Amino acid sequence: MLEKIFVLFVMFALIFAYDGPRLKQKQAREKLAYGALMLIALYFSVDYVSNLDMPRLHMVVVYLLSDTAEQITSYLKAGTS
């Protein structure tokens with residue numbers, strides 16, 4: 001586990017060392033998108049290091065949107081009959 005943490009730390013350090021100067025010149029929207037992608041990468045890195053059965057991205061989307069999808073489906077079924 002320590003080896004995984006070390007490799008991921010080096011990887012993120014190199015990514016930020018390379019992208020840091022370039023991010024200073026970018027607009028806030030691009031910085032926000034970059035930060036969101038890095039948060040997703042950090043989430044998956046923690047999942048990889050800890051070997052926990054954390055929810056995958058598609059599970060989160062299903063959890064957040066399943067009620068809405070069911071409401072849309074029932075609305076469309078009611079409209080066709």
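Annotations for the structure displayed:
- Charge dipole (the chain, unit charges on Cβ, about Cα centre) - positive-most of 9, 59, 35: 35
- Computed from Cα atoms, the angle from the helix 2-23 axis to the main principal axis of the chain rounds to 90 degrees.
- Extension gain for residue 49-residue 34 works out to 3.2 nm (0.36 nm per residue, less the C-alpha to C-alpha distance).
- Against the chain, whose longest principal axis is taken from its Cα atoms, helix 28-50 shows a tilt of about 90°.
- For the chain, the longest principal axis of the Cα atoms and the long axis of helix 57-80 meet at an angle of about 20 degrees.
- Rounded to the nearest 20, the Cβ-based charge dipole of the chain about its Cα centre (Lys and Arg +1, Asp and Glu -1) stands at 420 debye.
- Residue-span extension gain [residue 4 to residue 73] - 0.36 nm each, minus C-alpha spacing: 20.4 nm
- Solvent-free Debye calculation, one equal scatterer per alpha-carbon of the chain: log10 I(q)/I(0) at 0.22 Å⁻¹ equals -1.05.
- Computed lengthening from residue 23 to residue 56, 0.36 nm per intervening residue step minus Cα-Cα distance: 9.0 nm
Rule-based calculations on the coordinates, nothing more; no lab input. Computed from a predicted model, the values in this text were never measured in an experiment. Glycine also receives a Cβ, built like all others from the backbone with ideal geometry; neighbour counts cover every protein chain displayed.
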